[in-house]
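**Student:** Right, I'll just put the structure down here and ask away after.
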Amino acid sequence: MKKSDPNNKVAAENRKARFAYEVIDTYEAGLALTGTEVKSLRGGHANIAESYASMEGGEIWLINSYLPEYLQANRFNHEPRRRRKLLLKKKEMARLAQAVERQGMTMVPLKIYFNDRGRAKLLLALAKGKTLGDKRQTEKERDWAREKGRLLRDRG
């Protein structure tokens, strides 16, 4: 059995993504960060709710993610909303680019976390946008599952 590692923790999570998108596949990508960005991530105040990933010049970039400035870094600090390069294998990048171009899917960041080795990783989802009807159906299924759980618990 594996011990829980203090490094292996979620730094930021995009909780709305699973409601707004149907997740087809997920990829683990590394992040090219500066030292102050890593320190800020460990503080846990990052936000990736409005961010997205985009293919530009043969590379994939995380755009509009917010990592607050690290207070102890004074003049050596980073730009909070700068574009960050995602580190993926060439095959994975090609597969993502092909899905976005041909099938009209989007790359949505789900969470930023630290792996067992203490490296910052991004869980990137290949997703398809849900329509309003799909969102209502998802909500209906979730409510029914909750109600079913209550009924089973109360009866027996």
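The values are calculated or read from the model by the stated rules, or taken from the named source; none is laboratory data. Keep in mind that what you see is a predicted model, and the values were worked out from it rather than measured. Reconstructed Cβ throughout: ideal geometry from the backbone, glycine too, with neighbour counts over all protein chains shown.
**Student:** Check whether at least one residue in the stretch 134-151 is more than 16 Å from residue 27 (Cβ to Cβ), loosely packed, with under 10 Cβ neighbours inside 10 Å, modelled with pLDDT under 90 and not hydroxyl-bearing (Ser, Thr, Tyr), and report yes or no.
**Tutor:** no
**Student:** Next question. Would you mind telling me which numbered condition in (1) among the aromatic types (Phe, Trp, Tyr); (2) surrounded by fewer than 19 Cβ atoms within 10 Å (Cβ to Cβ); (3) at pLDDT 90 or above residue 76 fails?
**Tutor:** (3)
**Student:** Could you list all residues from the stretch 105-156 that are over 25 Å from the mean Cα position of the chain (by Cα) and assigned to a loop (DSSP other than H, G, I, E, B)?
**Tutor:** Scanning the stretch 105-156 gives a single hit, 156.
**Student:** Count, please, the residues in the stretch 34-88 that happen to be without any contact (Cβ under 8 Å) to a residue 12 or more places away in the chain and either of a type in the set (D, E, K, R) or in a loop (DSSP other than H, G, I, E, B) (or both).
**Tutor:** So the count comes out to 5.
**Student:** Right, something else. Here is a check on your reading of the model: is residue 26 in a helix (DSSP H, G or I) and touching a residue at least 24 places away in the same chain (Cβ under 8 Å)?
**Tutor:** Considered against the rule, which asks whether it is in a helix (DSSP H, G or I) and touching a residue at least 24 places away in the same chain (Cβ under 8 Å), residue 26 comes out as no.
**Student:** Here's something else I'd like to know. Can you find, within the stretch 99-117, the residue that is nearest to residue 41 (Cα to Cα) among those that are exposed (fewer than 10 other Cβ atoms within 10 Å of the Cβ) and of a type outside the set (Asp, Glu)?
**Tutor:** 117
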